[in-house]
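The values are calculated or read from the model by the stated rules, or taken from the named source; none is laboratory data. Note that the structure is predicted; figures quoted are calculated from it, not measured. All Cβ positions, glycine included, derive from the backbone under ideal geometry; neighbour counts span all protein chains shown. Just the protein is used for accessible areas: all its heavy atoms, side chains included, with ligands, DNA and RNA removed. Shrake-Rupley method; radii C 1.70, N 1.55, O 1.52, S 1.80 Å.
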Amino acid sequence: MDKRIFIAIPLPLEVRRKIEGIQNTLKTFDWPVRWEQPEKLHITLRFVGQINTEQLPRIQEIVHIIAKQTQPFTIQLRNFILFPNLETPRVLSIMLKHSQVLQDCQQKIAYKLDTEHIGNEEKYPFSGHITICRLAPIPSNYRALTKIRFWSTFQAEHINVMQSVLKLHGSEYTVISSHSLGV
């Protein structure tokens with residue numbers, strides 16, 4: 001049986017609550033969006049895609065080895081970004097300040113999965129972010145984002161292998177395995 005898999009860094013509860021607060025502020029603008037639930041917020045390191053269940057133990061092994069080689073590190077969240085661009089935005093995300101440790105960790109995972117032909121290859125270069133909502137393809141004025149500031153910091157301590165199941169109301173995520181950094 002196939003599973004839809006991605007690899008992510010989970011957010012601590014206090015960061016998810018802070019993002020939920022900014023989501024509540026942004027909801028007052030009544031934009032045509034679908035908000036991500038706070039419990040689903042994460043930093044995707046790699047969307048693996050549909051895999052055969054037999055590949056799952058190898059994915060978990062790869063993540064476990066790379067997590068052990070990576071010490072816990074600080075992630076800084078900084079303001080907003082619209083993807084793919086300001087003219088035709090589809091996703092509103094919180095940007096991450098560049099972290100070489102995060103970049104290296106993501107690249108090691110991507111390299112191992114690619115060389116072993118597991119899952120989808122990335123179409124775009126890695127750009128660390130946290131998706132907070134998906135935008136309808138309706139012209140709206142998102143200029144308010146230039147006046148609202150968001151900042152937070154947390155210590156990344158785990159990498160999760162996640163399953164995503166698509167439902168009518170959106171996707172549902174399940175943690176398949178969690179791997180501690182540096183352990």
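For the chain, the longest principal axis of the alpha carbon atoms and the long axis of helix 13-27 meet at an angle near 30°.
Averaging the sequence gap over all C-alpha pairs within less than 8 Å and six or more residues apart, then dividing by the number of residues, gives the chain a relative contact order of 35 percent. Excluding Val63 itself, calculate the net charge of residues whose Cβ lies under 12 Å from the Cβ of Val63, where each Lys or Arg counts +1 and each Asp or Glu counts -1. Combined, the nearby Lys, Arg, Asp and Glu give +4. Surface exposure of the chain, expressed per residue as accessible area with a 1.4 Å probe, stands at 56 Å². All other residues whose Cβ lies under 12 angstrom from that of Pro38 are scored, Lys and Arg at +1 and Asp and Glu at -1, for a net of 0.
Give me the percent of accessible area attributable to carbon and sulfur for the chain, probe 1.4 angstrom. Whole-percent figure for carbon plus sulfur exposure: 53.
Each stretch of four or more DSSP H residues adds -39500 (n - 2.57); spread over every residue of the chain, this sum gives -8000 deg cm²/dmol at 222 nm. Here Lys18 is the anchor, and the aspartates and glutamates within straight C-alpha reach of less than 14 Å, apart from those fewer than 8 places off in the same chain, are Glu36, Glu39. The label point for Thr74 and the one for Phe47, both projected 7 Å from the Cα toward the Cβ, are 3.1 nm apart. Against the chain, whose longest principal axis comes from its Cα atoms, helix 56-69 is set at around 80 degrees. In the chain, a dipole from Cβ-located charges (positive for Lys and Arg, negative for Asp and Glu) runs towards its positive end, and of Gln100, His129, Thr28 it is Thr28 whose Cα lies farthest in that direction.
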